[in-house]
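Data block below; observations after.
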Amino acid sequence: MSNNMKSVYGKAKDNYTLKIKLKSGILFLWFVILTIICLLPIYILIINATRSHTDISNGLSFVPSTYLKSNFNKVLNEPAFKFAFNIFHGYKNSLFITCCSTFLTVFFSALTAYGIHVYDFKLKEVSYTVILLVMMVPMQVTSAGFVAFMADLKLTNTYWPLIIPAVAAPAVVYFMRSYMKSSFPLDIVEAARIDGCGEFRTFLSIAIPMMKPAIAVQAIFAFIASWNNFYNPNMILINVPLTKKTLPMMVSSLQSSDKFNDYGTIYLAIALSIIPIIIAYVALSRFIIAGVALGGVKE
Amino acid sequence: MSSNAHRRIKSVSYAKYGYFFILPFFLVYFFFQLWPLINTFIVSFHGNGKDVAEWMGLQNYKDILFGGEGRKVRVIHESFFRCLGNTFILWIGNFIPQLALSLSLAVWFTEAQLKIPGKGFFKVVMYLPNIITAASVAVLFLQLCGQSETNPGAVNLILHKFGIVSKDVIGQGLYDTVKLVEGKWESRIVIMFIQTWMWFGNTMIMLMSGIQGINPSLFEAASIDGASSGQVFRKITLPLLTPIMAYTLITSMIGGLQMFDIPFLYNKDMNVRDHIKTVAVMIYQYFHAQANENKMGYAGAASVLLFFVTLTLGLIAFYMTRDKDEIAKKKMRKKAAKEAKLESRQFGGIRL
């Protein structure tokens with residue numbers, strides 16, 4: 001009897017593990033295919049950045065060639081690029097705008113969330129509801145009025161309209177408030193008050209260090225969003241010299257084929273524009289993935 | 001009595017800090033977002049081109065929605081609805097594959113019995129396209145999908161390797177390329193692919209966190225009862241995941257309505273083709289035309305229409321994701337306050 005049972009159940013178990021193994025194997029294969037689809041465009045981009053124009057027109061290749069340096073020299077010195085694409089100015093301008101706006105977003109969102117969370121005042125609930133409501137209004141909708149208003153203030157072609165609005169980031173406030181709800185006890189504020197700590201100092205030296213994880217995640221996302229932003233700079237910086245353009249603006253000028261016809265250098269220019277963010281992503285991917293799972297951040 | 005007075009003093013002394021702390025946010029919000037929104041409404045009631053200062057009332061809306069006499073007006077009316085249709089087609093065409101892909105991946109990634117090595121790596125790779133600058137992605141795909149007969153892009157070369165694209169040997173070796181940039185449906189499919197490529201990782205991770213939020217004992221009970229993975233998916237995962245999927249749907253719709261970078265840059269000559277022009281691109285072109293040619297009024301009116309669509313969608317999302325515990329708490333608080341009031345009336349208005 002027991003022998004019989006063993007044979008039956010043992011068989012079922014073997015069957016089961018085999019099934020699981022088979023399914024895992026097939027899925028693994030499917031994931032590998034998806035990985036290839038995800039990486040192939042970027043891989044071809046990097047390979048083609050190292051090849052010459054004639055190489056590229058001769059056919060596809062998956063091994064790097066040796067023209068990286070000459071392509072790089074062309075990107076720096078060729079007249080077409082000199083008028084439309086200057087990688088160093090692009091990095092500098094994008095980095096400047098992005099750092100300023102990331103700092104403002106994170107700092108003022110923490111401040112606003114702290115104000116709403118810690119203090120009891122009449123408009124507390126109202127203001128929070130307003131923040132939740134306006135979270136969904138996209139930039140594109142207000143852009144016609146925004147540009148008209150900025151033109152009235154004579155702020156077009158300056159960086160101010162790209163940096164200052166970062167102070168008001170409703171989605172980030174919402175995230176920080178949720179974080180504070182779960183991990184910022186109000187007793188700490190009481191204790192600080194008893195010890196004679198001023199309200200603003202409590203925020204700076206107690207709340208901010210305690211909110212570091214939330215701030216880090218939101219800083220990463222604010223940075224990526226601002227670095228990748230093409231719509232706003234393109235709208236505000238209508239006619240500025242090349243030295244004031246942001247990186248996505250410069251990349252966008254590569255589209256026109258009559259000015260740029262050396263494919264190797266175009267690929268290299270595109271690669272230069274995305275490599276910094278890929279490196280940053282590889283270094284920070286753990287936080288980024290965790291952050292997406294937490295906040296449902298969708299641009 | 002004394003505690004009441006004490007509480008009053010406390011609230012007086014600290015409430016002002018609350019206002020002080022949230023002031024910068026609302027100040028900036030008012031000047032850089034709310035006022036521009038109101039300004040968009042104002043602009044939408046004014047004229048176009050030379051008559052920007054002239055009050056037109058609802059004329060712009062009438063022109064856009066119902067058309068009217070004159071060729072110019074008809075063109076505006078038709079192009080608005082064509083762009084709306086394009087936006088919808090491009091959005092649907094990226095959302096359906098994106099949801100199917102990310103839902104299945106999320107289920108497989110969270111299934112505990114499956115032993116798949118390198119799950120973390122796959123997640124990281126699949127999210128990667130989402131963080132790359134959309135402008136760079138557009139220009140990159142423009143290069144990869146190049147349709148030049150003498151020097152086609154990588155996609156056409158791959159198709160050539162598979163024998164789909166032929167190379168004419170007699171006539172100077174020109175490729176018979178697929179028109180991935182100029183063709184109507186070809187270019188739309190490329191844009192749908194780019195959008196799916198960029199967003200499926202993001203949706204997948206959101207859905208995964210949703211699945212992980214489901215009570216694990218439900219899955220355990222199902223596996224003890226001998227449910228197959230298909231049954232678990234249909235009877236447990238899918239119903240419990242509906243709210244988060246609806247949220248994803250609506251945020252994706254709002255994002256889709258703003259689709260700008262990729263349709264705008266996916267062309268070789270700064271001239272966005274009619275079959276991929278979205279509403280956001282149309283609005284941008286209207287208020288960016290030369291001084292006397294601009295269509296400020298129409299741009300404003302189209303923005304306002306877009307705003308109301310977004311607002312409706314946003315309110316639905318807001319309603320679905322509101323904090324249910326908080327609402328229950330508020331109800332309790334109100335009830336308690338009412339009871340306290342009744343009680344105090346019983347004792348002749350004197351609070352003990």
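The values are calculated or read from the model by the stated rules, or taken from the named source; none is laboratory data. Bear in mind that the values here come from a model prediction, so they are computed numbers and not experimental data. Ideal geometry is used to build each Cβ from the backbone, glycine not excepted, and the neighbour counts take in all protein chains shown. All accessible areas refer to the heavy atoms of the entire protein, side chains included, with ligands and DNA or RNA removed. Shrake-Rupley method; radii C 1.70, N 1.55, O 1.52, S 1.80 Å.
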Inset, instruction - Please report the relative contact order for the range B:43-158, taking Cα pairs under 8 Å with a sequence separation of at least 6, and give it as a percent rounded to a whole number. - result: 9
Legend entry - Per residue value of the accessible surface for the range A:167-281 (all protein chains in place, 1.4 Å probe), Å²: 37
Inset, instruction - Using a 1.4 angstrom probe, figure out how much accessible area chain B has per residue, in square angstrom, rounded to the nearest whole. - result: 52
Inset, instruction - Give a quick list of trypsin sites (Lys or Arg not before Pro) in the range A:87-177 that DSSP marks as loop, anything other than H, G, I, E or B, with at most 13 other Cβ atoms within 10 Å. - result: A:122, A:154
Inset, instruction - Ignoring everything but the protein chains, give the 1.4 Å probe accessible area of residue A:30 in square angstrom, nearest 10. - result: 90
Inset, instruction - Over 30 Å between C-alpha atoms is what I'm after, so list which of B:16/B:331; B:16/B:338; A:245/B:179 land there. - result: A:245/B:179
Inset, instruction - Please identify, among B:150, B:248, B:278, the residue showing maximal mean-square fluctuation in a Gaussian network model of chain B using a 10 angstrom Cα cutoff. - result: B:150
Inset, instruction - Return the value, in Å² to the nearest 100, of accessible area buried between chains B and A (probe 1.4 Å, both sides summed). - result: 9300
Legend entry - Accessible surface ranking that places the most exposed of A:199, B:54, A:78 first, with a 1.4 angstrom probe: B:54, A:78, A:199
Legend entry - Percent carbon-and-sulfur accessible area, the protein assembly as shown, ignoring ligands, DNA and RNA, probe 1.4 Å: 66
Inset, instruction - Would you mind getting me the FRET efficiency between residue A:134 and residue B:329? Use the beta-carbon distance for r and R0 = 30 Å, nearest 0.05. - result: 0.80
Inset, instruction - Give the whole-number value, in cubic angstrom per residue, of the convex hull volume spanned by the C-alpha atoms of the protein assembly as shown. - result: 238
Inset, instruction - Roll a 1.4 Å probe over the protein heavy atoms and report the accessible area of residue B:149 in Å², nearest 10. - result: 90
Inset, instruction - Leaving ligands, DNA and RNA out of it, work out the accessible area of residue B:166 with a 1.4 Å probe and give it in Å² to the nearest 10. - result: 60
Legend entry - Sites residue B:218 and residue A:178, calculated FRET efficiency, Cβ-Cβ separation with R0 25 Å, nearest 0.05: 0.50
Legend entry - Between the range B:225-282 and the range A:39-101, the Cα center-to-center distance that results, in Å: 31
Inset, instruction - Return, for the Cα atoms of chain A, the radius of gyration and Dmax in Å, separated by a comma. - result: 26.4, 92
Inset, instruction - Considering Cα pairs under 8 angstrom that are at least six residues apart, work out the relative contact order of chain A and quote it in whole percent. - result: 31
Inset, instruction - Choose one answer from A:88, A:260, A:31: the residue with the largest mean-square fluctuation in a GNM of chain A with alpha-carbon springs under 10 Å. - result: A:31
Legend entry - Dipole-positive endmost among B:243, B:42, A:168 within the protein assembly as shown (Cβ charges, Cα centre): B:243
Inset, instruction - Evaluate peptide A:265-277: per residue, the Cβ atoms of other protein chains within 10 Å of its Cβ; return the mean as an integer. - result: 3
Inset, instruction - Any chance you could run the full-extension gain for residue B:115 through residue B:174? It's 0.36 nm times the residue separation minus the Cα-Cα distance, nm to one decimal. - result: 16.3 nm
Legend entry - GNM flexibility winner over chain A from A:130, A:167, A:106 (Cα, springs under 10 Å): A:130
Legend entry - Expected 222 nm ellipticity per residue - DSSP helices of 4 or more, -39500 (n - 2.57), all of chain A, to 500: -24000 deg cm²/dmol
Inset, instruction - Report, as an integer, the average count of C-beta atoms from other chains found within 10 Å of each Cβ along B:109-119. - result: 4
Legend entry - Label-point separation in nm, residue B:269 to residue A:155, each point 7 Å along Cα→Cβ: 3.9
Inset, instruction - List the relative contact order of chain B as a percent without decimals, with contacts defined as Cα pairs under 8 Å and 6+ residues apart. - result: 26
